[in-house]
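Below is one structure, written out as structure tokens; comments come after it.
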Amino acid sequence: MTIQHIAIIMDGNGRWATKRKRPRTFGHQAGVKTVRSSIETCVKLGVPNLTLFAFSSENWSRPAKEVQRLMDLFMRSLSKETPELLKQGVQQNFIGDLSQFSPKLQQKMSDVAAMHPEKFVMNLNIAVNYGGKWDLAQAAQKLCADVREQNISVEHINESTFGSYLSLADQPPVDLLIRTGGEHRISNFLLWQIAYAEIFFEDVLWPDFNADELLRVIDQFHSRERRFGQTSEQVNCKEN
Ligand code: IPE
Ligand code: IPE
Ligand code: MG
């Protein structure tokens, strides 16, 4: 069973830093290394789609200084990492309500998204100011506008047409969702897109989630039986 799409809630940076008696930002900085190694691992494995939760719509309510530092780090990382990512065949995309970011950062994201690798290997979707509920609401809004303009009739609204208005509409659903940092929740990340994902909640804090940890989770994923509503017997008998 090949993996088409991995999504990760990268959690635990703050606690990682606090344990070391350092400011939370130190943890965010350390987390960039894990972002790099996770992308590299997915590229090596030939996973065609990777979605990373970098900043939620709720994260604006953190102390202003931490939010500012996160924005600075995001901006710097985009400049620093993009050339190497392009070399690896990684296409970067940004999902979320991008209009809330500074014009400079919006420009940067739009420039980066417009840079295409010579030889495509993987989509890297970075979710920023993203919320799963926002995604559903913005899809409904666009869909209603299309109904009003008679581009689609109400009778034609189904899972497939509705899904085409969501972020990541052109990518397959998430097979494997990983959350580091020990919390057992989705925190308003992808909702629709994880409908049948295998979920792994890992205690490891994000900066410690190295390539071996990711490979271990992927190994465990392969040992799970995905039944999609069928019985185990049906899944194991290919004719059914
Ligand atoms: C995840 O780590 C990074 C972001 C949400 C931006 P946290 O900053 O939430 O780390 P903890 O959960 O406080 O340890
Ligand atoms: C989820 O982590 C968001 C990201 C990893 C970007 P949070 O740390 O914000 O989640 P909660 O607040 O513990 O649910
Ligand atoms: Mg957290």
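The values are calculated or read from the model by the stated rules, or taken from the named source; none is laboratory data. Everything numeric in this text was worked out from a predicted model, so none of it was measured. Here the Cβ positions follow ideal geometry from the backbone for every residue, glycine too, while neighbour counts run over all protein chains shown. These accessible areas exclude ligands, DNA and RNA; they are computed on the full protein's heavy atoms, side chains included. Shrake-Rupley method; radii C 1.70, N 1.55, O 1.52, S 1.80 Å.
The residue that is nearest to ligand 3 (Cβ to nearest atom), among those in region 180-190 that are surrounded by 14 or more Cβ atoms within 10 Å (Cβ to Cβ) and either more than 11 Å from the chain's Cα centre (by Cα) or free of Cβ contacts under 8 Å to residues at least 12 places away in the same chain (or both), is Gly181. Among the residues of region 35-51, the one identified as within 14 Å of ligand 2 (Cβ to nearest atom) and within 18 Å of Asp72 (Cα to Cα) is Val35. Within region 182-212, the only residue that satisfies the criterion of being farther than 26 Å from Arg227 by Cα, small (Gly, Ala, Ser) and away from ligand 1 (no atom under 16 Å from the Cβ) is Ala211.
Regarding Leu214, is this residue surrounded by 18 or more Cβ atoms within 10 Å (Cβ to Cβ) and part of a loop (DSSP other than H, G, I, E, B)? No, not satisfied.
Of all the criteria given as (1) more than 18 Å from the chain's Cα centre (by Cα); (2) under 28 Å from Leu70 (Cβ atoms); (3) part of a helix (DSSP H, G or I), the one not satisfied by Lys142 is (2). Candidates are the residues of region 191-209 that are loosely packed, with under 15 Cβ neighbours inside 10 Å and away from ligand 2 (no atom under 15 Å from the Cβ); the one that is nearest to Asp175 (Cα to Cα) is Tyr196.
In this structure, Ile6 does not satisfy being in a helix (DSSP H, G or I) and in contact (Cβ under 8 Å) with a residue 24 or more places away in the chain. Spot the failing condition for Gln171; the list is (1) outside any loop (DSSP other than H, G, I, E, B); (2) more than 16 Å from ligand 1 (Cβ to nearest atom), and only one is missed. Result: Gln171 passes all but (1).
Scanning region 35-64 for residues that are open to solvent by 20 Å² or more (accessible area, probe 1.4 Å), more than 21 Å from Val112 (Cα to Cα) and more than 13 Å from ligand 1 (Cβ to nearest atom) returns Lys44, Leu45, Gly46, Ala64.
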